[in-house]
Amino acid sequence: MNEVEQAELFNRELDALLQGGGSPSFSGDQGALRLAASMAALDFSGESRVKAGLRARLVPAGEGFAAGLRALLANNYARAAFAAAAIAVALLPLARRQPAPPPAVVAHIAAPAPLGAAVPPQEAMSARLPASLRAAGSTGPLFASLPMGELRGEPIKAPVMELNSGRNTEGQGGTAIIFETDSGTFALERREVKPEQIFELRTL
Amino acid sequence: MDFAELYDRYFDKVYNYVRYHVRLAAEADDVTGRIFEAALRGYETYDQARGPAQGWLFGIARNAVADWARGRNRRGEVSLDDAPEPADRDPRPPDALERKEERARLLDAIAGLDERSRDIIALKFSSGMNNREIAGLTGLGESNVGIIIFRAVKRMQADLEGGKI
């Protein structure tokens, strides 16, 4: 008997064993079938610690979703409302594409005055408003640019920092200028530095 | 069949299938939980006309076990499957301990199989599917499945009788 025939015989007897059809004849390899019988008797399910808890968590979720969906679709009113909502959602992009007409106020906004122009009097600004807004006592158009006065630079009235003295110095491989003021002493250095003088090195 | 019925009918089989691959009970619980969570997510879209629920569920189980194995390899974890069981202080009667030792020896023998053989053996002895159904699930030929099962059992027999385990 070649291996294929042995395998066929073994599988026939194994299927009979697994189907619980009484004791197999063991006409083939008895040792292998005894081992198969031992494996067929293996059941680890008693070692599971989640069986009950998992069922309690999953089964209501499954039933809740399925039952809710079924109940929703069984109700005619709910079905009609669901269909209307779906149509509304489908048409929403079309409604958004319609361009809205510009508001009347925006159409009458005057061009902004150039920089440095003189500020016009209040009456002149009111005259440029639409008639509807003037009647309502509005003081000005919304989002209109207001003319500004001329920008002028003003000199600094007092020095921010007064230099008392300064000197050049050499040291640590470079030169520096030392500034001494009332607020403190500052050094402007020019020298080569190594990375560890700039960054703190830490060893993990 | 609703989800509760599916769970009650197949939990033990799925758990046993997982244990053939995942030695530790706690990890097997975790993988089994993920299998049924995935089954719950897909149950509404599962079409019973396409085949029995058993094949569908064990398809999910095979993927979950493969994911678990990939994750373990990626993390480079040392397999606890190879670690000896802790000293047993179980106060149960001696025959129960013997059964436990016997189960551990069988799992050791199964762990010695290559991945494909172990999966076929797990499906054969835990799922209740016949060779044709296993062939449909794995994409192998029916006769090929039969030969793999035969060779795997012979290999385990040799390991157990030869004192390797």
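Can you put B:W56, B:W68 in order of accessible area, largest first, using a 1.4 Å probe?
From most exposed to least exposed: B:W56, B:W68.
Taking 8 Å as the Cα distance limit and 6 or more residues as the minimum spacing, I'd like the relative contact order of chain B as a percentage.
Once divided by the residue count of chain B, the mean separation gives 28 percent.
What ³J(HN,Hα) values, in whole Hz, does the Karplus curve 6.51 cos²θ - 1.76 cosθ + 1.60 give for the range A:187-195 when θ = phi - 60°, with x put for Gly and Pro?
10, 10, 9, 9, 6, 7, 10, 9, x
Would you calculate the separation in nanometres between label points at B:M1 and B:R72, each defined as 7 Å from the Cα along the Cα-to-beta-carbon direction?
2.8 nm
What is the spin-label model distance, in nm, from A:D182 to B:R151 if the labels are put 7 Å beyond Cα along the C-beta direction?
9.7 nm
Buried accessible area for the A:B pair, summed, 1.4 Å probe, in Å² rounded to 100?
3400 Å²
Given a 1.4 angstrom probe, I'd like the percentage of the accessible area of the range B:1-64 that is carbon and sulfur, rounded to a whole number.
Roughly 46 percent of what the probe reaches on the range B:1-64 is carbon or sulfur.
At 1.4 Å probe size, put A:T169, A:T181 in order of accessible surface, largest to smallest.
A:T169, A:T181
Within a 10 angstrom radius of each residue's Cβ in B:118-125, how many Cβ atoms of other chains show up on average? Whole number is fine.
Counting other chains' Cβ atoms within 10 Å and averaging over B:118-125 gives 2.
Evaluate E = 1/(1 + (r/R0)^6) for B:A25 and B:Y46, where r is the Cβ-Cβ distance and R0 equals 25 Å; express this FRET efficiency to the nearest 0.05.
On the way: r = 28 Å, r/R0 = 1.14.
Given R0 = 25 Å and the Cβ-Cβ separation, E is 0.30.
Could you work out the local net charge near A:E13, counting Lys and Arg as +1, Asp and Glu as -1, over the other residues with Cβ closer than 12 Å to its Cβ?
Here the charged neighbours net out to -1.
Starting from the Cα gyration tensor of the range B:104-165, multiply each eigenvalue by 5, take the square root, and state the resulting semi-axes largest first in whole Å.
On the way: eigenvalues 100, 24, 14 Å².
Square roots of five times the eigenvalues give 22, 11, 8 Å.
Let me spell out the model: positive unit charges on the Cβ of Lys and Arg, negative unit charges on the Cβ of Asp and Glu, origin at the Cα centre of chain B. What dipole size does that give, in debye rounded to 20?
Numbers: 26 positive and 29 negative charges, 100 e Å.
Taking the Cα centre of chain B as origin, the dipole is about 480 debye.
Summarise the partner chain shielding of A:33-41 as one whole number: the mean count of Cβ atoms from other chains within 10 Å of each residue's Cβ. Please list the in-between numbers first.
On the way: counts 2, 1, 8, 8, 0, 7, 13, 3, 5.
Averaged over the peptide's residues, the number is 5.
Quick one: accessible surface of A:D43, probe radius 1.4 Å, all protein chains present, in square angstrom to the nearest 10.
About 70 Å², rounded to the nearest 10.
Assuming R0 = 35 Å, what is the FRET efficiency of A:E192 and A:R152, from their Cβ-Cβ distance, to the nearest 0.05? Present the calculation step by step, with values, prior to reporting the outcome.
Numbers: r = 46 Å, r/R0 = 1.32.
Given R0 = 35 Å and the Cβ-Cβ separation, E is 0.15.
Relative to the isolated chain, which residues of the range A:1-21 have their accessible area cut by 10 Å² or more in the presence of all protein chains (1.4 Å probe, heavy atoms, no ligands or nucleic acids)?
A:E3, A:V4, A:Q6, A:A7, A:F10, A:N11, A:L14, A:D15, A:L18
Over chain B, give the accessible area per residue in Å² for a 1.4 Å probe, as an integer. Working shown, then result.
Details: 8620 Å² over 165 residues.
Heavy-atom accessible area per residue stands at 52 Å².
Over all alpha-carbon pairs in the range B:2-61, figure out the percentage whose distance exceeds 19 Å.
Roughly 25 percent, once rounded to a whole number.
How would A:F186, A:F179 line up by accessible area, probe 1.4 Å, largest first?
Sorted by accessible area, descending: A:F186, A:F179.
Accessible area drop of at least 10 Å² (1.4 Å probe, protein heavy atoms): which residues of the range B:20-35 qualify, relative to the chain alone?
B:Y20, B:A25, B:D29, B:G33
The values are calculated or read from the model by the stated rules, or taken from the named source; none is laboratory data. Everything numeric here is computed off the predicted structure, so don't read it as measured data. As a convention, Cβ positions derive from the backbone with ideal geometry for all residues, glycine included, and neighbour counts pool all protein chains shown. With ligands, DNA and RNA removed, areas are computed over all heavy atoms of the protein, side chains included. Shrake-Rupley method; radii C 1.70, N 1.55, O 1.52, S 1.80 Å.
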